[in-house]
Amino acid sequence: MLRSVGRWFQRAGIGLSAWLRRRPRTAVGLLVLCLLWLFCLPRPLFKEPISVVLEDREGQLLGARIATDGQWRFPESDSVPSKYAACVIAFEDKRFRWHPGVDPVSLLRAMWLNARSGQIVSGGSTITMQVIRLARGNPSRTIWEKMLEMFMATRLELTYSKQSILNLYASHAPFGGNVVGIEAASWRYYGKSPHLLTWAEAATMAVLPNSPALIHPGRNRDALVQKRNRLLERLRDNGQISAAECELSQEEPLPEQPLPLPQLAPHLLDRLAAGGASRFHTTLDKDLQERISAILARRQEIYRGNDVHNLASIIIDVASGEVLAYVGNVQGAGKEHGESVDIITAPRSTGSILKPYLYALSLESGDILPNSLLHDVPTQLGQYKPENYYETYDGAVPAKRALIRSLNVPFVLLLQHYGLEKFHFNLQRLGLSTLNRPPDHYGLSLILGGAEATLSDITNMYACMARRLGTFYERNGRYASDDFRAPILMKDGPQRGSNARQSSTDLLSAASIWYTFEAMREVERPNSAGEWELFRAGRPVAWKTGTSMGFRDAWAAGVTPRYAVGVWVGNADGEGRPGLLGVEMAAPVLFEIFEQLPGGERWFDPPYDDMVQAPVCKKSGWRAGDYCENDTLWIPKSGLKAAVCPNHQLLHLDSTGMWQVNSDCTSPASMQHVPWFVLPPIEEFYFKSKNPSYVSPPPFRPDCVGAQTALVQSPMQLIYPKNPTRIYVPVDLNGKLSSTVFQVAHRTPDIEIFWHLDGVYLGSTRTFHQMALQPPVGPHMLALVDKDGYRLEQRFEIVGK
């Protein structure tokens, strides 16, 4: 049989070849026709502009932008909903699965119906032919156009699969008004994904392209209902739906006015659309995005009473780095208040939000231990004078407490010790992308808001730290090279997996991060009386706030083992407002957001493999020296490089223990050698007011010669001016220079101190050792002498207008 068929084709081919040789013009014509057929399809098939679509991690619609021609025309999807496919095939082209693009039966039937009615009532077009017609811009209906559609439809069938052709039709069919395609129509008319359409809704969508104007309220919608119901009955008769489904579906109403499309992440949509693509499958969670947006909108209603109009928030999954929520700016602020500004990517002054990074990096470098005492006294560094928020000082404060209370002066001095250039470099390694100027441009104010950062970078840096701590356990004490990477916004595609910022594993150790998070868990806030009280959350959260200079930016960032959350509150135009504080406005939003996140996760375990036990001084928090009372504590391994306690000294006292002595006045055999916790006078001056248990070292006995030469025991220290400095003094309204207040601290406050300026005696002070002076412009020498003969000198220069 097969041999017979083969011989028949062979003879037919030989005969056709001979026939064409006798008719060369016909052969050329057929060749031209074949070439026209091969290249008749436009490339690309559809050239119309399309809408930009934003989807969440499950494919749910988050937002869309209308196409440039004013049409809601979504990008082609990779599948057609099964109910809609069944409906459209049953209504438009029941032999779609079998014909080659043209259905002769349908054409003959259309010709007979048109001839019988005397007008065109049926076109006989297949779905494939309708795709060609849509691709050519819906030209006028003529016999020539119909023949051209048939010609091109056969070529389309050779190029595309049936499923692809059905998808092309579903994506480009008109659905009334400015709605094109099943996906846009489903969201505009039913507010849901086309895959969730009911049989009645799918049937309505299937018959609508045949008469798209019927969808509008006020038109002859009864005709649309009848078409839909007839289609449902056909589906019932075909056995695709049951009689009960058909009856219930026929009872469903038609959609009313078109619904507005979701606009849940408009700022992210604008940001991604700038890249040129048209459909973005993001990592966002639609439900979470809606809840966070509602929280920010509710808070805006409260804050706008203080003329604070803008809020933003971002949530990052720690383990994966995926962004789960992205609210670039709260909706409702209005254009006049910068509603369109994407705060998440906008550089803003950081305030104190960078302090935990300096704390962690200082632990990592061995510059401090978790509770090392830091200086907290009035400080003048050239022309820069940092101050604590409440302008009070502790003298000396444990580093952990300084972070908990967000004290400014200790962290400025810590930055000076750690190194501005090194901190600047390591912030860039951590992922702070906005440090585009050299370190000297920012100076030491870098730690207090002298630089700008984005909410995305700040939140992601905390997420990266938490990820490193988490992966340390999972990898049995080893670090992953990509712990510090950019946040992931796309669920798939080239952006995923190519975001590593830092391939090094030595940036921050698990121990340094763990101690930083432990301090951040205990962050405190000021109550209405200005005192400090612990802010306890309903779940363990490591968090930090920040407030920029001029009350322009309020920050809050928090992290748990599962989530990192960032919040910004302020005005997009930079207008400052009284009371715009991170702890008062951003922190409540932060914790309200955490309440929306799944809880129950276990807090980070101490990474003992990255720690070591070492003796630590109980009072100073530094590594214990020979004279310290110490505890053996777990510290980061890098802490072994930390300094030995500088505060404990061995004092030589007389037999009464009331006086310090030396070998010039007392026999060493009669001395008591007592370890003593000693602070410099200026630190002691402030420390004693907060720590009543502190005992100053006894003074030297008056008959001891050479006591004053022990510089380390000097009882006096200038508070201002602390170092040789130039003092700029403003001119008062009377044309004279304003007064400058000079202040000194003494271990014995009640002692009398005699003041001299340029060799001229000015007077004396007791208890409160300060004096307001008006030195003329130029260099000067201030000399202070107490009644025991201790002398302190300081040069300074007055600079006038």
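The values are calculated or read from the model by the stated rules, or taken from the named source; none is laboratory data. Because the structure is a prediction, the values reported are computed rather than measured. For neighbour counting, all protein chains shown are included, and Cβ atoms are generated from backbone atoms with ideal geometry for every residue, glycine included. Calculation scope for accessible area: heavy atoms of the full protein, side chains included, ligands and nucleic acids excluded. Shrake-Rupley method; radii C 1.70, N 1.55, O 1.52, S 1.80 Å.
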Next item on the list: From the list Glu364, Glu336, pick out the single residue that is free of Cβ contacts under 8 Å to residues at least 60 places away in the same chain and either open to solvent by 20 Å² or more (accessible area, probe 1.4 Å) or of a type outside the set (S, T, N, Q) (or both).
Entry: Glu336
Item checked: Meets criteria (open to solvent by less than 40 Å² (accessible area, probe 1.4 Å) and within 18 Å of the chain's Cα centre (by Cα)) for Leu324 -> yes
Notebook entry, point to check: Within the stretch 774-799, restricting attention to residues that are open to solvent by less than 20 Å² (accessible area, probe 1.4 Å) and either in contact with a helix residue (DSSP H, G or I) (Cβ under 6 Å, 6 or more places away or on another chain) or over 15 Å from Lys722 (Cα atoms) (or both), which residue is modelled with the lowest pLDDT?
Noted result: Asp786
Note to self: Considering only the stretch 498-515, I want to know if a residue exists there that is outside any loop (DSSP other than H, G, I, E, B), more than 29 Å from Ala346 (Cα to Cα) and at pLDDT below 90.
What the structure shows: no
Note to self: I need the full set of residues from the stretch 260-290 which are among the hydrophobic types (A, V, I, L, M, F, W, C), touching a Gly at 6+ places or on another chain (Cβ under 9 Å) and at pLDDT 90 or above, in order please.
What the structure shows: Leu261, Leu264, Ala265, Leu268, Leu269, Phe280
Note to self: Given the criterion more than 24 Å from Leu374 (Cα to Cα), at pLDDT below 75 and among the hydrophobic types (A, V, I, L, M, F, W, C), identify the matching residue among Val741, Val705, Val712.
What the structure shows: Val705
Next item on the list: Within the stretch 570-603, work out how many residues are open to solvent by 50 Å² or more (accessible area, probe 1.4 Å) and under 19 Å from His309 (Cβ atoms).
Entry: 5
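Here is a yes/no grid of residues against (1) surrounded by 24 or more Cβ atoms within 10 Å (Cβ to Cβ); (2) farther than 21 Å from Pro266 by Cα:
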| residue | (1), (2) |
| --- | --- |
| Glu290 | no, no |
| Arg298 | no, no |
| Glu301 | no, no |
| Ile316 | yes, no |
| Asn329 | yes, no |
| Gly332 | no, no |
| Val341 | no, no |
| Ser349 | no, yes |
| Pro356 | yes, yes |
Next item on the list: Test Ile719 against the criterion of being assigned to a loop (DSSP other than H, G, I, E, B) and modelled with pLDDT of 80 or more, and give yes or no.
Entry: no
Notebook entry, point to check: Is there any pair with a first residue in the stretch 227-246 that is within 16 Å of Val207 (Cβ to Cβ) and touching a residue at least 12 places away in the same chain (Cβ under 8 Å) and a second that is polar (S, T, N, Q) and part of a helix (DSSP H, G or I) whose Cβ atoms are under 7 Å apart and which are 6 or more apart or on different chains, and what are they?
Noted result: Arg228/Thr204; Asn229/Gln250; Leu232/Ser249; Leu232/Gln250
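Do any helices (runs of 4 or more DSSP H) lying entirely in the stretch 158-227 carry at least 3 residues that are farther than 16 Å from Ser249 by Cα and at pLDDT 90 or above, and which ones are they?
162-172, 182-190
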Notebook entry, point to check: Given Glu452, Glu421, which one is among the acidic types (Asp, Glu) and in contact with a strand residue (DSSP E or B) (Cβ under 9 Å, 6 or more places away or on another chain)?
Noted result: Glu452
Next item on the list: Identify, from the list Leu20, Leu36, Leu45, the residue that is modelled with pLDDT under 85 and over 56 Å from the mean Cα position of the chain (by Cα).
Entry: Leu20
Next item on the list: Please find, within the stretch 633-673, the residue that is modelled with the highest pLDDT out of those that are under 24 Å from Gln717 (Cα atoms) and touching a Leu at 6+ places or on another chain (Cβ under 8 Å).
Entry: Asn647
Note to self: Residue under question is Leu254, and the condition is that it be open to solvent by less than 30 Å² (accessible area, probe 1.4 Å), more than 21 Å from Ile89 (Cβ to Cβ), in a loop (DSSP other than H, G, I, E, B) and modelled with pLDDT of 90 or more; does it hold?
What the structure shows: no
Item checked: Members of the stretch 401-452 found to be within 19 Å of Gly621 (Cα to Cα), surrounded by 16 or more Cβ atoms within 10 Å (Cβ to Cβ) and not hydrophobic (A, V, I, L, M, F, W, C), listed by number -> Arg401, Arg405, Ser406, Pro410, Tyr418
Notebook entry, point to check: Looking only at residues in the stretch 330-369 that are assigned to a loop (DSSP other than H, G, I, E, B) and of a type in the set (D, E, K, R), which one is farthest from Ile302 (Cα to Cα)?
Noted result: Asp367
Next item on the list: Just one of (1) of a type in the set (A, V, I, L, M, F, W, C); (2) at pLDDT below 85; (3) open to solvent by less than 30 Å² (accessible area, probe 1.4 Å) trips up Val678, so point out which.
Entry: (2)
Notebook entry, point to check: Taking helices (runs of 4 or more DSSP H) that fall entirely within the stretch 397-453, which contain at least 2 residues that are within 20 Å of Ala642 (Cβ to Cβ) and among the hydrophobic types (A, V, I, L, M, F, W, C)?
Noted result: 399-404, 408-418
Notebook entry, point to check: Is it the case that the stretch 178-197 has a residue that's surrounded by 15 or more Cβ atoms within 10 Å (Cβ to Cβ), touching a residue at least 40 places away in the same chain (Cβ under 8 Å), under 29 Å from Leu41 (Cα atoms) and of a type in the set (Asp, Glu)?
Noted result: yes
